[in-house]
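Worksheet: the structure to be examined is printed underneath.
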Amino acid sequence: MTAPTPQKDQVAPDARIDDRAAIRGTAASTAPTILSIEDLWVEYKTPFGWMQAVRGVNLDVRQGEAVALIGESGSGKSTMGFALLRMLVRSARIAKGKAMYRDSKGQTYDLFSMDNKAFRKIRWEECAMTFQAAQNSLNPVMRVKDTFWETAKAHGRRNRKEVEERTLELLRMVQLDPKRVFDAYPHELSGGMRQRVSIALSLLLEPQLIILDEPTTALDILTQRAIIDVIRNLRDQLDFTMIFISHDLSLAAELADRVATMYAGEIVEYGPVRDTFYSPKHPYTVGLLNAVPPIVGEEFTPLTAIPGSTPNLLKVPSGCPFHPRCPYHTEICLREDPPLIDVGGTHLAACHHHDKVTKDQDIWERMEDVAEVVG
Amino acid sequence: MTEPVMSLKNLVREFDTRGGLITAVDNVSFDLNQGDILCLVGESGSGKTTVARMAAGLLKPTRGQVLYEGKDINEMSKDEFSRYRKSVQIIHQDPYASLNPIHTIGDMLRAPLLKHKIVKNRREATKRAAELLELVDCRPVENFIDKYPHQLSGGQRQRISVARAMTLNPRVIIADEAVSMVDVSIRVSLLNTMLKLRNELGVTFLFITHDLAVVKYFAWEGNVGVMYVGKLIEHGRTPQLIGRSLHPYTRALAAAIPEADPDLTRSKEKLQLRSLDIPNLNNLPSGCVFHPRCPYWEKGLCDTVVPPLVDVGNGREVACHPVVRSIQNGGTGRDLEPTGDMGVDRAAD
């Protein structure tokens, strides 16, 4: 099933973008699914046995959408990104699961069962990634222009002049001064500039899907803003699909069409960005939202903390992994891990009590006495 | 008027680098009264940590003074200095690096109590350690006191750092990015714990952070100082400073921060800067250090005359020529017109 590709030359570009942007990431969206992750389990080998970092994740990503994977450290969000590009460290393995991917030619295959040689063509040409701490992901002894050329060459491009022109164009697109950056070594660039070079590099082979791992973490506020604006402009111009991984809810509010909240290796909520922020259906998402103070305005907003701490993945609590910290939990939550179900309008939640969950803070205040669980 | 617990007077700190002498902190002054909260905000390289280290006595200023109870800490007698050291404690950013991995939590809390003879014997020390753990909400205490740092999470370790800072009943706690490495869900409870120390025990806080959201929450009843490449450029009560910031740099920061609200954050008014580049400390711009990025700069004034920090009333201070002039002419200080000369090429906008 293929949706007709928009006829780029017939409609004024702005109108086209506005129409699509309005329904992008909502229940009304008709964009085809290009990535469908089915029951993904990823484990790391530790001295104490296999530690499950991703536990039975199902996730559909539609063409052209920006999906935010939100979670705290240890929630499995980065592991998922690396698993998709098959770049997990040696001590990790995909224990189970499929990632059905529909490439730009309309063919569908499982990313995890392909042989390495076939996958090497997918990686970067179909799906590319920018890494957390971009300062360390560029080769320090290679000039920016050579990094781009080597990447293109590894994928069979032979015309150096063409690649260089594309490089210059991309550098301009990420708001860098091509003259200054093209011949530079990574150490001559600031953190924000390197992050933008990384983003440009991920776009080099015109991939359909881009995974951004913590694109603004560890950057100064004004630099973060520049990166956000660059990403937004690039999406408007190039129309790629994007999965970005972040611990920062505000970034999801800025850039995402859909938000997936991860907790203890599971996706606990997945829905259109406005639904997730304005009527969250999982208590963990509510807790995260209550913990982020708004900046604008001259009112003081009291904040409530989520009690307890994130679970040790070697000893994940029984039933719903969030139940020890959850003010809504009842007896069933200790026994059964709730499945991720549609609670209306492509808004999915994994909570036995999703119909009772509100943004109300009072229920959390009464939880304050929960003892911290020491792992 | 009671005497401030701590005063920083015209602090300057220079570092000798390969690229020449740089001024990391340039003429920073402020007072801390008992029970005050002062947040210093700034981006990397703004000198905020250097100020904290000088206030904590870990670094000597090149010029200027750090006064504790009216006395310069670098001219104190041995006894006075030891008293200052006990009364001013620091909490570091990284809870993974700041706790000794081979000591239990109990040992860490008992050692200073015994060393400074705050308690008579080990049994009393253990009792006091348990009280401190209670104080920082590490309950039940038995789950913590015999543990090693590696058995605790980042948030729990940071609580231990707070407890350790409290062992000697300090008057001042200097917290250097104390919550920046802690997960969102834990951050609020850690801030609440520190606020409790201030509200119930009257501890004074000098809190260093780069996060305006944390400032707004933690220092709501206190003050904020905004630093930019070594200078204090704006200072005032938190609600006013965050809500109606005056200095173009502070305004740009407040406008740039994404909010956790999709409609709000996507419609927020942005302040377009002329350049993204933070000036190099080896080669600072003339006049106001912010002028190469400022949309409101005035040729012939901002690029030649360094703006002093001027008191503009209501306990607010700001170092900006156009803002001060606007206020002196009865304006709000926020009614500036962009100069129009964006000057720097912003390719492919």
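The values are calculated or read from the model by the stated rules, or taken from the named source; none is laboratory data. All values reported here derive from a predicted model rather than from experimental measurement. Virtual Cβ from ideal backbone geometry, glycine too; neighbours counted across all protein chains shown.
A few comments on the model shown:
- Test: residue in segment B:22-37 that is closer than 18 Å to residue B:223 by Cβ, under 11 Å from the mean Cα position of the chain (by Cα) and touching a residue at least 12 places away in the same chain (Cβ under 8 Å): yes
- Counting the residues of segment B:153-162 that are farther than 10 Å from residue B:96 by Cα and touching a Phe, Trp or Tyr at 6+ places or on another chain (Cβ under 9 Å) gives 3.
- Among the conditions (1) within 28 Å of residue A:33 (Cβ to Cβ); (2) surrounded by fewer than 22 Cβ atoms within 10 Å (Cβ to Cβ), the only one that residue A:200 does not satisfy is (2).
- For the residues A:154, A:184, A:218, A:133, the requirement of being more than 29 Å from residue A:86 (Cβ to Cβ) and among the hydrophobic types (A, V, I, L, M, F, W, C) singles out A:184.
- Residue list for segment B:225-254, restricted to those being assigned to a helix (DSSP H, G or I) and facing chain A (nearest Cβ under 8 Å): B:239, B:240, B:242, B:243, B:252, B:253, B:254
- Helices (runs of 4 or more DSSP H) lying entirely in segment A:64-174 (those with 3 or more residues that are touching a strand residue (DSSP E or B) at 6+ places or on another chain (Cβ under 6 Å) and on the phi < 0 side of the Ramachandran plot): A:77-84
- Against the criterion of being within 14 Å of another protein chain (Cβ to nearest Cβ) and under 30 Å from residue B:183 (Cβ atoms), residue B:89 does not qualify.
- Among the residues of segment B:141-177, the ones that are closer than 30 Å to residue B:69 by Cβ, charged (D, E, K, R) and part of a helix (DSSP H, G or I) come to 2 in all.
- Comparison of B:168, B:197, B:201 shows that the only residue that is in contact with a Lys or Arg (Cβ under 7 Å, 6 or more places away or on another chain), at pLDDT 90 or above and either surrounded by fewer than 22 Cβ atoms within 10 Å (Cβ to Cβ) or not aliphatic (A, V, I, L, M) (or both) is B:168.
- Check on residue B:174, in contact (Cβ under 8 Å) with a residue 24 or more places away in the chain and within 14 Å of another protein chain (Cβ to nearest Cβ): no
- Filtered residues of segment A:217-259 (kept if among the charged types (D, E, K, R), more than 9 Å from chain B (Cβ to nearest Cβ) and assigned to a helix (DSSP H, G or I)): A:232, A:235, A:236
- Total residues in segment B:255-299, condition at the interface with another protein chain (Cβ under 10 Å from one of its Cβ atoms), modelled with pLDDT of 85 or more and within 29 Å of residue B:17 (Cα to Cα): 1
- Residues satisfying the stated conditions in segment A:260-297, i.e. of a type in the set (Asp, Glu) and within 11 Å of chain B (Cβ to nearest Cβ): A:275
- When restricted to residues that are within 11 Å of chain A (Cβ to nearest Cβ) and in contact with an Asp or Glu (Cβ under 9 Å, 6 or more places away or on another chain), segment B:196-212 contains 2.
- Residue A:202 falls short on exactly one of the conditions (1) at pLDDT below 95; (2) in contact with a helix residue (DSSP H, G or I) (Cβ under 9 Å, 6 or more places away or on another chain); (3) away from chain B (no Cβ under 12 Å), and that condition is (2).
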